[in-house]
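The values are calculated or read from the model by the stated rules, or taken from the named source; none is laboratory data. Since we're looking at a predicted model, the values are computed, not measured. Positions of Cβ are backbone-derived with ideal geometry, glycine not excepted, and every protein chain shown enters the neighbour counts. The protein model used for the area step is the full one, side chains on, heavy atoms only, and it has no ligands, DNA or RNA in it. Shrake-Rupley method; radii C 1.70, N 1.55, O 1.52, S 1.80 Å.
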Amino acid sequence: MAKKRITDLAYFGGMKLFENPLHVGAPNLPDRQRLMQQIDSLLTSRRLTNRGPMVRELEQRIAEFTGVKHCIAMCNGTIALEIAIRALGMQGEVIIPSMTFIATAHALQWQEITPVFADIHPQSATLDARKIERLITPRTTGIIGVHLWGRSSDTHGLQAIADKHGLKLLFDAAHAFGVSHEGKMIGGFGDAEVLSFHATKFFNTFEGGAVLTNNDELAEKIRLMQNFGFSGRDNVIYIGTNGKMSEISAAMGLASLESLPRFVEHNRNNYHTYLDRLQNIQGIDVFEYNEKEKNNYQYIVLKIDESKTVLNRDELADLLSAERILARRYFYPGCHRMEPYRSYFPNAGLLLPETERLLDCVLTLPTGTSVSKAEITTICELLHFIVSNGREIKQKIRAWDYPENFTAVTSGGMLSKGEH
Ligand SMILES: *Cc1c(COP(=O)(O)O)cnc(C)c1O
C-alpha cells in the first residue's frame, strides 16, 4: 500500500508495507527435485563424508567453472581461511582491510597472527594498494585482499607489493563466486583464494567453503591439513584439523550449480530494477557492477549522502526496518571497532579514514531469488517517498524519539514509540 502521508510510515504507527520480512541474504534454493535425487543417491550409497563422490564431483566442477587447477571443498569459509593462512606459512602480521566480515580478521587472530588493518579505496571499497607499504614491518608475512560485495580487489597492485616484499597473497573471495576480473574468473589470483558457501551467500551448500589454487604443493598441504594430516591409512605426516565438507552439502552444491544461471539472471534483473528506480533519488547512489565482467549481483549496496537525503543511514535503516525491509549496514561498525581488535588497536581508525567514512554511509538492501521485481519496485517507491519528505520525517523522528522536547507535537495522542 502506497504511503501518502508521513504518518502512514510504519515507523510512526502506520501499516507495515510487507507482511513477511525481506532479508538480505535469504538463501537461493536449487531445483528441489534435483536436490532430493542427489540426497537419495547418497543415502543409498551410505557415503556421507570423507571426500565421497559428491564432494569430488563438486570440486571438479568448481575447478572447471573457475579455470583453477585445484579446488579443495571445506566445511565452511572460515576454516578454509584458517587452513589456507596456515598452509601458506603466514605468521606475525598480515595486512587486511577492516571493511570485511569479522571472519577475515578472526581467521588470523585465532592462530595468533596479528591482523593489521589497511584502508580501502573509496570507489572499489577494497584494499588501496597505495596505503599498504607503509604498514609493512619485519614481522609482516602476507596480505589478504577481500573481493568485497563481489567486486575484485586490485589484484595487480597487491601482487606487485607482495612480490616486492616477499609476502604471501591470499584473497577472501567469499563474495565473489562466479565473478570475473579482467575476463579471468576469481579463484586463480594470488597464492590462493577462499570461497564461502554459507546459506546467506549467492551460492550455498548450507554451510561450506573452498580453497582454490593453481599451486600443486600448496593444494597438497591444504588437503593434508583439512583431514588431520592423514596421508593414507594410519599415517599422519602433518598437524591438521577437520575441515571436510560433507556429502549432503556437496549434493546441495551440485544441485545449486545447475541453478546458478537462474540465480545470476534473477539477481541481475533485481539489480537493474534497483538501479533504474533509484537513479533519480538525490543523495542515494547504488554501488554499480562493472558489466564488462561476470558478476553474481549478490549485494545491492547504497551509499547515502546525508547532506542530500537529510535523513542519515541509520534513520533510513530504521524506517525501512519498520516496514519489514531488513536492510543491513554491512560491515558496520568495522573489524577495527569490534573486539578484540578495538582493545588491541584503539587508534586503528586514524589510519582508516576512507573505511570509517564508508562504514557510516552504506546500506545493503534485500535481493536474491526470494525477492521479486514487484517487491523491489515497492521498496524503491518507499525510498522515494521517504527521501522527498526527508526534512519533515527527520523532525518527526526527533519528536517521536525525544517527546519531552516536543510536548506540543506528542500531546495529540500519537501511538507510543514502542509500537513500531
Ligand atoms: C561469509 C564470509 C566469510 C566466512 O564464511 P563462512 O562460510 O560463513 O565461515 C568470510 N569472509 C567474508 C568476507 C564473508 O562474507
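Quick notes on this one:
- Inverse of mean 1/r across different Cα pairs in the stretch 166-257, Kirkwood, Å: 14.4 Å
- With 10 Å bins from 0: P(r) over the stretch 32-258, alpha-carbon pairs, percent: 9, 34, 35, 17, 5, 1
- In the stretch 225-319, trypsin sites (Lys or Arg not before Pro) in a DSSP loop with at most 13 other beta-carbon atoms within 10 Å: 233, 292
- Residue among 39, 379, 239 with the largest mean-square fluctuation in a Gaussian network model of the chain, springs linking Cα atoms under 10 Å: 239
- Helix 53-66 and the longest principal axis of the C-alpha atoms of the chain enclose an angle of approximately 70°.
- Mean-position separation - Cα centroids, the stretch 76-92 and the stretch 234-288, in angstrom: 21 Å
- Radius of gyration and maximum dimension Dmax of the stretch 8-106, Cα, Å: 20.8, 58
- Links that overshoot a 32 Å alpha carbon limit, given the list 244/292; 16/201; 221/303; 184/244; 131/308: 244/292; 221/303
- If R0 is 45 Å, the Cβ-Cβ spacing of residue 47 and residue 163 corresponds to a FRET efficiency of close to 0.60.
- Take the Cα of residue 215, go 7 Å toward its beta carbon, and the backbone nitrogen atoms of the stretch 55-72 under 15 Å from that spot belong to 69-72.
- Restricting the stretch 86-146 to trypsin sites (Lys or Arg not before Pro) that sit in a DSSP loop and have at most 13 other Cβ atoms within 10 Å of their own Cβ leaves 139.
- Net length gained if the chain between residue 307 and residue 18 were fully extended (0.36 nm per residue, minus Cα distance): 101.2 nm
- Candidate cross-link partners of residue 396 among the lysines, defined by an alpha-carbon separation under 17 Å and a same-chain spacing of 8 or more, comprise 3, 4, 417.
- Contact order for the stretch 282-331, expressed relative to its length and based on alpha carbon pairs under 8 Å spaced 6+ residues apart, stands at 31 percent.
- For the stretch 32-258: relative contact order, % (alpha-carbon pairs under 8 angstrom, 6 or more apart): 27 percent
- Linear extension gain, residue 156 paired with residue 61, 0.36 nm per residue minus alpha-carbon span: 31.5 nm
- GluC sites (Glu not before Pro), loop per DSSP, at most 12 other Cβ atoms within 10 Å - longest free stretch of the chain: 292-420
- Measuring nothing but how far apart in sequence close Cα pairs (under 8 Å, 6+ apart) lie, relative to its length, the chain scores a relative contact order of 22 percent.
- Cα shape, the stretch 88-146, gyration tensor, a/c 1.5 rule: oblate
- Accessible area per residue was computed with a 1.4 Å probe on protein heavy atoms; residue 358 scores about 10 Å².
- Rg/Rh for the chain, where both radii come from Cα atoms and Rh is the Kirkwood radius: 1.01
- Calculated [θ] (222 nm, deg cm²/dmol) that DSSP helices of n ≥ 4 give over the chain, each run adding -39,500 (n - 2.57): -11500 deg cm²/dmol
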